[in-house]
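The values are calculated or read from the model by the stated rules, or taken from the named source; none is laboratory data. These numbers were taken from a predicted model, which means no experiment stands behind them. Note: ideal-geometry Cβ built from the backbone for every residue, glycine included; neighbour counts use all protein chains shown.
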Amino acid sequence: MRDAHLFLPKHVFSPTVPGFSNWKFLISWPSLCLELAIPILIVALYRIYFSDLSDIPGPFWASVTRLWHVRCILKGKQNLRFKELHERYGQFVRVAPNEVSVNHPHGALLLLHSNLHKVSYYMHV
């Protein structure tokens, strides 16, 4: 294995890669923050504007994350908060990026009788 450098291309052992010479930027703190912030921002924008639930009213943070909901649960005020949200936004309220709270007299009946897609696990239960 001492002679591995004889069989491998020269750029494998060189400190620079052809076509890219600024490795310090990739491992700096500002670049790490940027590399984390961009995907988070893209997901947030998708959830706010392009999600199937984007037209359902609710708190702003509910369209981005579920953390506000977890905070309500930890405080023990989830039921009071949901009641306030339904009084403010109506019978259908978006409470998470993929969850809607329904406060409609026929909501449960319509949901149970609808033809929703189920994964194969639930077909045999």
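Summary of values
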{"read-out": "Within region 14-125, helices (runs of 4 or more DSSP H) holding 1 or more residues that are more than 14 Å from the chain's Cα centre (by Cα) and modelled with pLDDT under 90", "value": "23-26, 29-45, 107-113, 120-123"}
{"read-out": "Members of region 87-99 that are surrounded by fewer than 16 Cβ atoms within 10 Å (Cβ to Cβ) and either within 20 Å of Val64 (Cβ to Cβ) or of a type in the set (A, V, I, L, M, F, W, C) (or both)", "value": "Arg88, Asn98, Glu99"}
{"read-out": "Subset tally (residues that are among the hydrophobic types (A, V, I, L, M, F, W, C), out of contact with any Lys or Arg (no Cβ under 7 Å at 6 or more places or on another chain) and surrounded by 13 or more Cβ atoms within 10 Å (Cβ to Cβ)) for region 44-72", "value": "4"}
{"read-out": "Some residue of region 115-123 being without any contact (Cβ under 8 Å) to a residue 40 or more places away in the chain and surrounded by 10 or more Cβ atoms within 10 Å (Cβ to Cβ)", "value": "no"}
